[in-house]
1. Kindly check whether there is at least one residue in segment 162-183 that is β-branched (V, I, T) and crowded, with 20+ Cβ neighbours inside 10 Å.
2. Which residue is farthest from the chain's Cα centre (by Cα), if the candidates are limited to segment 94-127 and must be more than 19 Å from G148 (Cβ to Cβ) and crowded, with 16+ Cβ neighbours inside 10 Å?
3. Being under 19 Å from G153 (Cα atoms) and outside any strand (DSSP E or B) is the filter here, so list the residues in segment 51-72 that pass it.
4. Among N98, N150, which is touching a residue at least 24 places away in the same chain (Cβ under 8 Å) and in a strand (DSSP E or B)?
5. Here are some residues: N150, N136. Which one is closer than 17 Å to N98 by Cα, of a type in the set (S, T, N, Q) and open to solvent by less than 70 Å² (accessible area, probe 1.4 Å)?
6. Looking at (1) more than 30 Å from S237 (Cα to Cα); (2) modelled with pLDDT of 95 or more; (3) under 23 Å from the mean Cα position of the chain (by Cα), can you tell me which one A138 breaks?
7. Cβ contacts < 6 Å: first residue more than 18 Å from V104 (Cα to Cα), restricted to segment 52-76; second residue of a type in the set (D, E), any location; separation 6+ or different chain. Result?
Amino acid sequence: MKILPLTRVALVAAVALVIVAVPANAQTIQVNKDNRTIAITATDKVIVMADTATVHIGFIAYGPDSDAAYAAGSRTSNAIVKAITSAGVPSDAIQSENQNVAPVQEYQVDKLTPAEKAQRKFQVTQSWTVRTPADNAAKILDLAVKAGANQSGQIDWSLKDENASQAEAAGKALQRARTVAAEMAKGLNVKLGALVFASNETQAEPPRPLMRMAASAGAMAPPPQPLAINPRQIEKSATVYAVFAIE
C-alpha cells in the first residue's frame with residue numbers, strides 16, 4: 001500500500017464525457033454535462049497517546065540435567081506469574097507465548113569454565129505477554145524482572161479503541177478534500193455541490209522498534225527503581241477519495 005505524504009494532495013478535475021476511475025471495489029461514476037464533478041484524493045492523520053501496553057516478559061533458567069533445569073524453571077515461572085497477579089493483573093491479561101526445555105548447545109557456553117558448563121547442561125525458557133494500561137507498563141516489567149524474568153523488555157503500544165482515531169483521521173482527510181475541491185471550483189468559476197462519493201483507505205503504521213533487556217541480579221544491592229518508561233504516541237492516517245458535484 002503506498003503512503004502519500006501529507007503535503008501531497010492529488011487533484012483531478014472531471015469534465016463532460018469523462019469517466020472518473022475509482023477503487024476497484026467501488027462503482028464507476030459517469031461524468032457528463034448533467035453530472036459534472038471534481039474528484040480529490042487527500043490524506044490526513046491524527047496522533048494520540050497510547051493507552052494500552054503489551055509487555056513481553058520471559059526468562060531462561062539452567063540446570064546440570066533436564067530435571068534440575070525444569071525444577072528451576074518451574075520455580076521462576078510461578079514466581080513471575082504470582083508477582084504479576086498479586087499486583088492486580090487479571091489472569092486473562094497474561095498470555096503464554098512459548099516454553100521450551102532443551103539441551104544447551106556447546107557454542108552457548110564455550111567461554112565458561114568447566115564448572116560453570118557442568119551447571120548449564122540444560123535450559124528452560126518461557127515467555128508471556130501481559131496486557132495492561134499504558135501507565136502500568138513500567139510497574140509490570142519491574143515486578144517481572146525482580147521475580148526472575150531475565151529475558152524481558154519489549155513493549156507494544158496500542159489503543160483500546162482503534163476505530164475512533166481511524167475515523168477521526170478519515171474525517172480530517174475528507175474535510176481537507178472538501179477544502180481543496182472548493183478552491184478548485186472557485187478557480188473554475190463554478191459552485192461546489194454535494195459530496196456524491198467517498199472511499200477511505202487505511203494507511204499502514206510504521207514498524208515499532210523493539211527493545212530487549214536482560215536483567216542481571218545484584219549480590220546484595222538494594223532493589224532498583226522501575227525503569228523510566230513513557231507511553232508512545234500512536235499515529236493513525238487515512239486517505240480518502242472524494243467526488244463532489246459542481247453546479
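The values are calculated or read from the model by the stated rules, or taken from the named source; none is laboratory data. Computed from a predicted model, the values in this text were never measured in an experiment. Glycine gets a Cβ as well: all are built from the backbone with ideal geometry, and neighbour counts include every protein chain shown. What goes into the accessible areas is simple: the full protein's heavy atoms, side chains included, and nothing from ligands, DNA or RNA. Shrake-Rupley method; radii C 1.70, N 1.55, O 1.52, S 1.80 Å.
1. Among the residues of segment 162-183, not one is β-branched (V, I, T) and crowded, with 20+ Cβ neighbours inside 10 Å, which makes the answer no.
2. K117
3. D51 - this is the single residue of segment 51-72 that is under 19 Å from G153 (Cα atoms) and outside any strand (DSSP E or B).
4. Values: N150 fails: in a strand (DSSP E or B).
After applying the criteria, what remains is N98.
5. N150
6. In the conditions (1) more than 30 Å from S237 (Cα to Cα); (2) modelled with pLDDT of 95 or more; (3) under 23 Å from the mean Cα position of the chain (by Cα), A138 misses (1) alone.
7. T54/D156
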